[in-house]
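These notes are about the structure you will find just below.
Nothing in this text is a laboratory measurement; each read-out follows from the coordinates by a stated rule. Small disclaimer: the values here were computed from a predicted structure and weren't measured. Positions of Cβ are generated from backbone atoms using ideal geometry, with glycine treated the same way; all protein chains shown enter the neighbour counts.
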């Protein structure tokens, strides 16, 4: 079966390599979630500005909480996706923490939209799906880590024993 995920062209992978591999993840974390967090944050500060009727009716403290979860989550997940450090597990941990924040932020948005207007299906269904996608990424990253650790240990053992062939 052909691979549906491109492999990096460079070792270590460049930012472009990572973008090619994680296009949807980068899009959700950095290009959608962070700007939405900014809009959520400024909505209470700008009377008359209404990027979403759901947001316009939220108490300021809920808007702030959602903005922090989405913004911090988007930034942390992106840092994890593009982690260049030698300890790869730090990148995985950052990414998982970020996706958990993103999932909570979008899940909160979905609940608030449903609570205010359950018949406007798209206003709660889309953030609900975004929340579930973020949660699924947490599971995928945990699986990547779980599957990678034994292979890394095997390579380390081969190097220590003078093998590698």
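Worth a mention:
- Residue-averaged 222 nm ellipticity for the chain, from DSSP H runs of 4+ at -39500 (n - 2.57), nearest 500: -23000 deg cm²/dmol
- Per the Debye formula on identical point scatterers at the alpha carbon atoms of the stretch 15-160, with no solvent, log10 I(q)/I(0) at q = 0.10, 0.12, 0.15, 0.16 Å⁻¹ is -0.40, -0.54, -0.76, -0.83.
- The stretch 2-75: radius of gyration over Cα atoms, expressed as a fraction of 2.2 N^0.38 Å: 1.50
- Summary value for the stretch 15-160: 20 percent relative contact order, contacts being C-alpha pairs under 8 angstrom separated by 6+ residues.
- Over 13 Å [Cα-Cα, the stretch 1-45], rounded percent: 64 percent
- Among 38, 101, sorting on how many other beta-carbon atoms sit within 10 Å of each Cβ, with the fewest leading, yields 38, 101.
- Each of 4, 10, 22 was scored by other Cβ atoms within 10 Å of its Cβ. Arranged with the fewest first, they read 4, 10, 22.
- Pairwise Cα separations in the stretch 24-64 fall into 10 Å bins from 0 onward with the following percentages, short to long: 31, 46, 21, 2.
- Working from label points 7 Å from Cα in the Cα-to-Cβ sense, the residue 42 to residue 93 distance is 3.5 nm.
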